[in-house]
Structures are given as structure tokens and as C-alpha cells.
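Asks: Dropping the structure in here first, questions after.
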Amino acid sequence: MTKEQVQRIILEKGVPHPTRELRLVETHISWVILTDAFAYKIKKPLRLSFLDFSTLLKREYYCEQEVLLNRRLAPEMYLGVLPVTSDSGNLWIGGKTGEVIDHVVWMQRMDDRRQMDLLLAQGEVEVGQMHKLAGILARFHEGAQRVKMAETWKELYEEFADISGQAPFLDKYYEAGARAFIVEVVHWSHDFLKGIGARIEQRKESGFVVDGHGDLHCRNIILGDDPVIFDCIEFSEALRTLDVLNEVAFLCMDLERFGREDLASAFLDRYLAITGAMENGTDGLLFLYYKLYRANVRIKVLCIQGKEGEGGSERKAKELIGKYMHLFKRYFRELKAAFDAGAGDEMQ
């Protein structure tokens, strides 16, 4: 489908349920039509380095995967897959006749005022909610499929080192000296990961690498009576397959971006008490590394968006990059200090 066709659906109210509101929300890879009670998510016909939605069959498959995978954590939110049909020039979601030209993920609309990122900005998130969230994620990970053939330390390093391509942009537009600092961190991370490579493999054998969510940040969580985690990565099994410490590190990093180290600690302590996922000092170092890696990824994404003119105003982009760079530096200092102090003596 094209954006013009999506806008036609909105203009002509080509949705299967009565509604007063019809509003379009656009992301880098999808269009989402919001109505009073439901949301209809349409995948853009893209082929990128990390996903392929380029054909009708592939978009149908990944719509089905999105529903199947997200029902693990949000069964009441993900209702099914509906066709988009063209009949006598009219476009309809859920149409019974005509040519099928695309598919949508049909979702129950949640109260987006309860998105965790919005509540954090308003100072309305409490420790008890973090304890509930930790319990939900712990149960999810304990029931998730275990994966033993996953990233090696070398592949983790290659992903981390990819930020080097953004160093000149950061150095020129955001922070003098960024290039030299990133070169230092990337070089250090190679030796660090090589040193704990054996432990990374041991954790796979111990069942700590799972088919997880893959995109666990605050915007993908609704904090109601019971937290709802949604919008997992459906388009890449590789990106969704990860060490559970990597998964929880993303959320902890995002909480700390809002300055809520207390909530991050409350969440992590409860999660570890349930799962025992951090067995020794080396695992503690690995968790710190994963926070560093997650800040790395957010910086890289924001730089790419900045070059493409996406992500809002220049001031907002600079502010966000600054926050993540602050975390990136902090995590590196903490990790290096802990490593130098011998916190990873359990390494084998």
C-alpha cells in the first residue's frame, strides 16, 4: 500500500467498526490508523538491512507473526489479522469482497495516556508498578523458548563497533571529542568481550538466552492495573533472540534516561530475585555492558534519523543524543572501573 491509499481509507472511513475518530500515526516502518476502540497497523512495503516487507506475502506473514508473538505478553490487545481489499475503487479494512491488496494487524486500542514513558515524564510511576512489571517479565522469560545458537562475542562486538560510523557526525554536530572517545570505547569493548566470551557461551547452555521481546523500552509498556508489554520485534528472530540480561538492561537504561535509577534498581532487584539470572560477578559486568550497548544503539539510531531529517526538531534530537551520550559515558566508566577492580574474577 501507499500512504495515499491509507489516507483514502481514513477519508472514506473504510474500517470495519463504527468510530468517530480516525487518525493516522506514522512510524519509520508502519502506518497505524487509530479509531475509538481499535488500531489497525499496516506495514510499509520496505526492504531494509534488518527487515523485508517488500511483498504482499511477506507483509501477511509478518502481520501473523506480530499477532502470534505479541499474544505471549498482550493476548487481549492483539486481536488478529485483517485483509485490506479494493472493490470497485473502494478500499476497505476487513472487506469480504474484491482484491486483497494488503493486510493489517488488528489491535484493541489501549489507553495511551498510560504509556510508561509519558507517566515517567509526569513523575507518576511508582516502585510497586516496577515490582509487578518485573514479575510479568520474569514469568515470560521463564516460559520463553531457550536458544543455544545465538550471537557470539565477536558478533556482539561487531554490532557494538557499528557506532563508529556515526562518530564523525557526533564530533561535528553534537560534541567535540566524541570521535576519539568512541574509538576508545570500541577498542576497549573488543578486549572485554573477548575476555568474557566463555561466560557468554555458558549462559546459553544455562538457558539464559531466549526468544524474547527484543524492544523493551518504556514506550512499549502500558501501566494499568496490570502492566501490558506490547510491540515486540516480529520481523527479525535474530534481534529478538537475546540474553535476558540484555533484555532487562534495555528497560533499566531507559528508566535511567528519565533519571529514575530508583525504579531501575527496584525492577532489577525483583527480577533477579525471581529468576536468578545474575549468577556471579562476571554476569554483573555483562549486565553493565548490555546497558552500554543499549545506549550505543539509541545514539546510533538518533544519528541516522538526524541525517535523514527525522525524529523531530534539531533541538530535541540534540537533547536526546546528549542524554544517551551521558549514559554511554557513565556506563563505560562504571564497567571499566568494575572490571579493573576484579569484579569479573569468575571469568573462565
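Asks: Could you put Met116, Met110, Met325 in order, starting from the residue whose Cβ has the fewest other Cβ atoms within 10 Å?
Replies: Ascending Cβ contact count within 10 Å gives the list Met110, Met325, Met116.
Asks: So between Ser265 and Arg47, what do we pick up on full extension, going 0.36 nm a residue minus the alpha carbon distance?
Replies: 74.6 nm
Asks: Let me ask something else about it. Got a sec? How would Arg260, Arg330 order by Cβ neighbour count within 10 Å, fewest to most?
Replies: So the ranking, lowest neighbour count to highest, is Arg330, Arg260.
Asks: Please report the relative contact order for segment 198-348, taking Cα pairs under 8 Å with a sequence separation of at least 6, and give it as a percent rounded to a whole number.
Replies: 23 percent
Asks: Let me ask something additional. What is the chain's relative contact order, in percent, from Cα pairs under 8 angstrom and six or more apart in sequence?
Replies: That works out to 15 percent.
Asks: Among Leu239, Leu68, which comes first, then next, by fewest other beta-carbon atoms within 10 Å?
Replies: Going from sparsest to densest Cβ surroundings: Leu68, Leu239.
Asks: In whole Hz and in residue order, list the ³J(HN,Hα) couplings for segment 91-104 that follow from phi through the Karplus curve 6.51 cos²θ - 1.76 cosθ + 1.60, θ = phi - 60°; x for Gly and Pro.
Replies: Coupling constants for segment 91-104: 9, 9, 7, x, x, 9, 10, x, 7, 7, 10, 5, 9, 10 Hz.
Asks: Further, regarding this structure: Can you give the percent of C-alpha pairs in segment 3-109 whose distance is more than 17 Å?
Replies: Counting every Cα pair in segment 3-109, those more than 17 Å apart make up 51 percent.
Asks: Mind giving me the FRET efficiency for His131 and Glu159? R0 is 35 Å, r the Cβ-Cβ distance, nearest 0.05 is fine.
Replies: After rounding to 0.05, the efficiency reads 0.65.
Asks: DSSP H helices in the chain with Cα extent of 15 Å or more along the helix axis and mean Kyte-Doolittle hydropathy at least -1.0?
Replies: Passing helices, by number: 56-70, 127-143, 178-195, 244-257, 261-275, 281-308, 314-340.
Asks: A further question follows. Could you please report the charge total around Tyr331, scoring K, R as +1 and D, E as -1 over all other residues with beta-carbon less than 10 angstrom from its beta-carbon?
Replies: Result for the neighbourhood of Tyr331: +4.
Asks: Okay, moving on. Summing -39500 (n - 2.57) over the DSSP H runs of n ≥ 4 in the chain and dividing by its residue number, what mean residue ellipticity at 222 nm do you reach, to the nearest 500 deg cm²/dmol?
Replies: After summing the helix terms and dividing by the residues of the chain, the value is -16500 deg cm²/dmol.
Asks: Over the C-alpha atoms of the chain, what are the Rg and the largest Cα-to-Cα span, Dmax, in Å?
Replies: That works out to 21.4, 72 Å for Rg and Dmax.
Asks: Got a sec to turn the phi values of segment 221-232 into Karplus ³J(HN,Hα) couplings, 6.51 cos²θ - 1.76 cosθ + 1.60 with θ = phi - 60°, whole Hz, x for Gly and Pro?
Replies: Karplus-based 3J(HN,Hα) across segment 221-232 equals 9, 9, 9, x, 4, 10, x, 10, 9, 9, 6, 6 Hz.
Asks: List every residue whose amide H lies under 5 Å from the amide H of Phe38, counting only residues 5 or more places away in sequence or on a different chain, with H placed 1.01 Å from N in the peptide plane.
Replies: Arg109
Asks: Can you tell me the FRET efficiency between Asp36 and Ala341 if r is taken as the Cβ-Cβ distance and R0 is 56 Å, rounded to the nearest 0.05?
Replies: It comes out at approximately 0.50.
Asks: Taking H as built 1.01 Å from N, whose amide H comes closer than 5 Å to the amide H of Leu242, not counting residues under 5 places away?
Replies: Hits under the 5 Å cutoff: Val210, Gly212.
Asks: Among Cys63, Thr35, Pro45, whose Cα projects farthest towards the positive end of the dipole of segment 33-173, with charges put on the beta-carbon of Lys, Arg (+1) and Asp, Glu (-1)?
Replies: Among Cys63, Thr35, Pro45, the one farthest towards the positive end of the dipole of segment 33-173 is Cys63.
Asks: If each of Leu118 and Glu205 carries a label point 7 Å out from its Cα toward its Cβ, how far apart are those two points in nm?
Replies: Using points 7 Å along Cα→Cβ, the separation is 4.8 nm.
Asks: Let me ask something additional. Would you pull out the residues with amide H under 5 Å of Val104's amide H, same chain only if 5 or more places away, H placed 1.01 Å from N?
Replies: Leu82, Val84
Asks: Using just the Cα positions, wrap segment 240-320 in a convex hull and report its mean projected area in square nanometres, one decimal place.
Replies: Averaged projected hull area, Cα only: 6.2 nm².
None of the figures in this text is laboratory data; all of them are computed from the coordinates on show. Treat the numbers as computed from the prediction; the structure is a model and nothing was measured. Virtual Cβ from ideal backbone geometry, glycine too; neighbours counted across all protein chains shown.
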